[in-house]
Amino acid sequence: MKKIFLYIGTYTSNTKSKGIYLFHFDLDNGKLSDCIDSISISNPSYITSSSSNILYSISEVDEINGIYGGSINAFQIDKNTGKLSQINSQSTKGAYPCHVSIDNFKKYVLVSNYMGGNIIMYPISKNGFIENYTAHIMHHGSSKGNLERQEGPHPHSSAFTPDKRHLLVADLGKDMIIGYKINSKGELIICELSLIHI
């Protein structure tokens with residue numbers, strides 16, 4: 001019987017949810033345990049892991065402690081119990097972050113701020129600590145296809161390419177996938193002919 005840790009992020013605004021919940025998942029029979037533990041954090045609607053011992057989560061809010069923007073949070077995973085302990089947190093400098101991605105080298109974490117209309121990338125250290133950001137880019141424009149949802153830019157997901165040198169960002173508001181090149185300083189440079197309408 002092989003069990004793994006399974007983490008579930010939730011919305012906490014106007015609910016009784018605490019934040020991130022820990023379960024055991026049995027790979028042999030597909031059964032899920034009762035909740036083992038939880039950690040309080042606001043709207044951890046998207047979580048991901050860079051390794052077996054580090055978990056990243058966004059807080060999908062418009063401000064924290066009166067400061068504009070959500071947050072990206074790093075947690076240490078206890079290898080024996082699965083319990084989380086926070087390493088650090090950084091502002092996303094944009095409202096309602098909704099997605100986090102990690103590059104193949106596990107050197108950078110990229111956050112898409114849906115309502116903020118911007119993306120922001122941070123280096124991550126070997127122990128999972130989120131450093132100060134190296135790239136912060138605001139998207140502009142919209143497709144006007146759906147005025148309720150596309151009145152402005154809304155980056156909502158990103159993916160690092162297999163060559164480990166580029167980043168693709170899907171923007172719902174612009175109806176585009178935008179390509180960026182990652183330079184040696186961790187900066188993002190928009191690629192020529194990279195605006196793909198979808």
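The values are calculated or read from the model by the stated rules, or taken from the named source; none is laboratory data. Keep in mind it's a predicted model, so treat the numbers as computed, not measured. For neighbour counting, all protein chains shown are included, and Cβ atoms are generated from backbone atoms with ideal geometry for every residue, glycine included.
Spot the failing condition for residue 43; the list is (1) modelled with pLDDT under 95; (2) buried (at least 21 other Cβ atoms within 10 Å of the Cβ), and only one is missed.
Of everything listed in (1) modelled with pLDDT under 95; (2) buried (at least 21 other Cβ atoms within 10 Å of the Cβ), residue 43 misses just condition (1).
Which fully enclosed strands (runs of 3 or more DSSP E) of the stretch 21-97 have 1 or more residues being closer than 18 Å to residue 118 by Cα and touching a residue at least 24 places away in the same chain (Cβ under 8 Å)?
Working: elements: 37-40, 47-49, 54-59, 71-77, 84-91.
Of the strands (runs of 3 or more DSSP E) lying wholly inside the stretch 21-97, those with at least 1 residues that are closer than 18 Å to residue 118 by Cα and touching a residue at least 24 places away in the same chain (Cβ under 8 Å) span 54-59, 71-77, 84-91.
Does residue 87 fit the bill of being aliphatic (A, V, I, L, M), over 12 Å from the mean Cα position of the chain (by Cα) and surrounded by fewer than 20 Cβ atoms within 10 Å (Cβ to Cβ)? Reasoning before the result, please.
On the way: aliphatic (A, V, I, L, M): yes; over 12 Å from the mean Cα position of the chain (by Cα): yes; surrounded by fewer than 20 Cβ atoms within 10 Å (Cβ to Cβ): yes.
Yes.
Take the stretch 42-55 and flag every residue that is touching a Ser or Thr at 6+ places or on another chain (Cβ under 6 Å) and either over 25 Å from residue 156 (Cβ atoms) or among the hydrophobic types (A, V, I, L, M, F, W, C) (or both).
Those that are touching a Ser or Thr at 6+ places or on another chain (Cβ under 6 Å) and either over 25 Å from residue 156 (Cβ atoms) or among the hydrophobic types (A, V, I, L, M, F, W, C) (or both): 47, 55.
Count, please, the residues in the stretch 16-39 that happen to be exposed (fewer than 14 other Cβ atoms within 10 Å of the Cβ), more than 15 Å from residue 4 (Cβ to Cβ) and among the basic types (Lys, Arg).
Here the count works out to 1.
Anything in the stretch 99-129 that is assigned to a strand (DSSP E or B) and either surrounded by fewer than 20 Cβ atoms within 10 Å (Cβ to Cβ) or over 15 Å from the mean Cα position of the chain (by Cα) (or both)? List them, or say none. Write out each step before concluding.
Quick first cut of the stretch 99-129, residues assigned to a strand (DSSP E or B) only: 99-102, 108-113, 118-124.
Matches in the stretch 99-129: 102, 123.
I need a count of the residues in the stretch 159-175 that are surrounded by 22 or more Cβ atoms within 10 Å (Cβ to Cβ) and either in contact (Cβ under 8 Å) with a residue 40 or more places away in the chain or within 11 Å of residue 112 (Cα to Cα) (or both). Don't jump to the end; show me each part of the working.
Here is the first cut: in the stretch 159-175, the residues surrounded by 22 or more Cβ atoms within 10 Å (Cβ to Cβ) are 167, 169, 171, 173-174.
Now narrow it down to the ones that are either in contact (Cβ under 8 Å) with a residue 40 or more places away in the chain or within 11 Å of residue 112 (Cα to Cα) (or both): 167, 169, 171, 173.
Of the residues in the stretch 159-175, 4 are surrounded by 22 or more Cβ atoms within 10 Å (Cβ to Cβ) and either in contact (Cβ under 8 Å) with a residue 40 or more places away in the chain or within 11 Å of residue 112 (Cα to Cα) (or both).
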